[in-house]
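The values are calculated or read from the model by the stated rules, or taken from the named source; none is laboratory data. What you see is a predicted model; the values in this text were computed from it and never measured. Cβ placement follows ideal geometry from the backbone for every residue including glycine, while neighbour counts extend to all protein chains displayed.
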Amino acid sequence: MIKRILFTLVFLTTSIFISSQEEKSSHASSEKGYVSSKNSVYFELLGKGLLYSFNYEREIYRIDEKLAFNGSVGFSILPGFTDIEKTKDRVLPLEINAKYSFGKHHVVLGYGTTLWKYQILDIKIDNSNIGLAPEPTLKEMKEWFAHIVLEYRYEKPEGGLMAKAGISPLFFDYMNHSAFTKSTNAQFSINLGIGYSF
């Protein structure tokens, strides 16, 4: 119950903050006489969604026609790696980034985190089943990993087709029974994306 209340408070506070920043940002843009698209939807290959992700990005705050700050959320569904039954992994990337613009060319630097929910085989062995062949069951696991993004984007200020390419190092915590045996494990990834801005 407390988690739901905290989530609701954080969601409402964030919504109010973003809407007030949008009003200030759009007022400042119209006063200075330039137009910029505030929303983007895009498909990203590799990167923060592991194999792929569908993402929505929104401009949160614009300092001037060159520099803006954005927030994004995405999702992907991947095939699971269990063999007793088919499972699906769910990936939810979140990101905050700064976009520096040169007309329709942009450089983006961002940081984020990704929630990865997956299932593993779990075999419980205790005094009640010693000497028997225990049945494996599926156990839901949850991991958070961080990412950094440095990318180039082609995107017209008024919106339309958007394309991007960059690097996305991923940082994983220690994970049992995996190659991630250190306290922080870095994996290099690239990202390629195409979408639409409006």
**Message:** Is it the case, given these coordinates, that residue 96 is assigned by TED's automatic domain parsing to the domain that holds residue 54, in a strand (DSSP E or B) and either touching a helix residue (DSSP H, G or I) at 6+ places or on another chain (Cβ under 6 Å) or over 22 Å from residue 39 (Cβ atoms) (or both)?
**Reply:** no
**Asked** Can you pull out the residues in the stretch 34-63 that are among the polar types (S, T, N, Q), in contact (Cβ under 8 Å) with a residue 60 or more places away in the chain and assigned to a strand (DSSP E or B)?
**Response** 39, 40, 55
**Request:** Select the strands (runs of 3 or more DSSP E) contained entirely in the stretch 113-198, then report the ones holding at least 3 residues which are farther than 23 Å from residue 86 by Cα and not polar (S, T, N, Q).
**Result:** 137-155, 160-167, 170-173, 190-197
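How about the stretch 82-93: which of its residues are modelled with pLDDT of 95 or more, more than 15 Å from residue 149 (Cβ to Cβ) and either outside the structural domain of residue 41 (by TED's automatic domain parsing) or of a type outside the set (D, E, K, R) (or both)? Lay out the reasoning, then the answer.
Our first condition is that a residue be modelled with pLDDT of 95 or more; within the stretch 82-93, this holds for 90-93.
Applying the additional criterion that residues be more than 15 Å from residue 149 (Cβ to Cβ) yields 90-92.
Of everything in the stretch 82-93, those that are modelled with pLDDT of 95 or more, more than 15 Å from residue 149 (Cβ to Cβ) and either outside the structural domain of residue 41 (by TED's automatic domain parsing) or of a type outside the set (D, E, K, R) (or both) turn out to be 91, 92.
Conditions tested, residue by residue: (1) modelled with pLDDT under 90; (2) in contact with a His (Cβ under 9 Å, 6 or more places away or on another chain).
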residue	(1), (2)
114	no, yes
126	yes, no
140	yes, no
145	no, no
151	no, yes
**Message:** Go through (1) closer than 15 Å to residue 104 by Cβ; (2) under 15 Å from the mean Cα position of the chain (by Cα) for residue 162 and report which single condition fails.
**Reply:** (2)
**Item:** Among (1) surrounded by 13 or more Cβ atoms within 10 Å (Cβ to Cβ); (2) within 22 Å of residue 191 (Cα to Cα) - the single one residue 61 does not satisfy
**Value:** (2)
**Request:** Taking residue 116 as meeting all but one of (1) without any contact (Cβ under 8 Å) to a residue 40 or more places away in the chain; (2) farther than 12 Å from residue 149 by Cα; (3) surrounded by 13 or more Cβ atoms within 10 Å (Cβ to Cβ); (4) not basic (Lys, Arg), write down the number of the exception.
**Result:** (1)
